[in-house]
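Participant: Input: one structure, supplied below.
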Amino acid sequence: MSLASYVGCNIELPANDDEYTDDFFYIGSCFSGEDNLHNVKKYQFTTPYVYEVSSHWGIEIAKHMNPQTRAESKKKLLELCKTMDSHLKKGDFFELYSCWVGEEMEKREGKIILRINEFDIDQIEISEKTLVRFEK
């Protein structure tokens with residue numbers, strides 16, 4: 001199984017769905033398919049546009065994780081926020097949800113609201129099946 005991370009937003013984003021890339025972070029398909037995107041949109045997000053955040057492993061920041069994987073997730077999250085900040089207008093938001101592929105319809109385990117540029121990456125914990133809303 002693979003941990004996938006999804007982004008929900010109110011705007012269309014440029015996606016790299018045409019070809020596979022070795023980049024550590026991009027918006028486009030990696031693990032999930034159309035059914036997974038549909039299910040995460042229907043059961044988790046409040047937004048019309050949904051994308052997989054492909055990074056060869058999902059974004060999860062939890063104490064129980066391998067320190068290297070946790071550090072990589074922090075780096076990916078900061079890059080995601082930087083990317084989304086360039087696309088969103090003041091007052092807008094995006095949502096992030098990570099789960100094992102195939103578990104998109106399952107009950108979420110938590111919800112967090114953060115300001116897109118006003119959180120301490122070393123003080124947050126984002127476990128799988130947690131919906132995170134980033135507000136601009």
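The values are calculated or read from the model by the stated rules, or taken from the named source; none is laboratory data. Owing to the predicted nature of the structure, the values given are computational and were not obtained by experimental measurement. Cβ coordinates were reconstructed from backbone atoms using ideal geometry, including for glycine residues, and neighbour counts include every protein chain displayed.
Participant: Looking at residue 69 and the list (1) outside any helix (DSSP H, G or I); (2) surrounded by fewer than 19 Cβ atoms within 10 Å (Cβ to Cβ), which single condition is not satisfied?
Facilitator: Every listed condition holds for residue 69 apart from (1).
Participant: Taking residue 134 as the residue in question, decide whether it is hydrophobic (A, V, I, L, M, F, W, C), touching a residue at least 12 places away in the same chain (Cβ under 8 Å) and within 18 Å of residue 55 (Cβ to Cβ).
Facilitator: yes
Participant: Collect the residues in the stretch 11-38 that are surrounded by fewer than 15 Cβ atoms within 10 Å (Cβ to Cβ) and at pLDDT 90 or above, keeping them in residue-number order.
Facilitator: Scanning the stretch 11-38 gives 11, 12, 34, 35, 38.
Participant: So, residue 82, is that one over 14 Å from the mean Cα position of the chain (by Cα), farther than 21 Å from residue 37 by Cα and not acidic (Asp, Glu) or not?
Facilitator: It is false that residue 82 is over 14 Å from the mean Cα position of the chain (by Cα), farther than 21 Å from residue 37 by Cα and not acidic (Asp, Glu).
Participant: Also, quick follow-up: Is there any pair with a first residue in the stretch 67-87 that is farther than 13 Å from residue 134 by Cα and a second that is among the polar types (S, T, N, Q) whose Cβ atoms are under 6 Å apart and which are 6 or more apart or on different chains, and what are they?
Facilitator: So the pair list comes out as 76/55.
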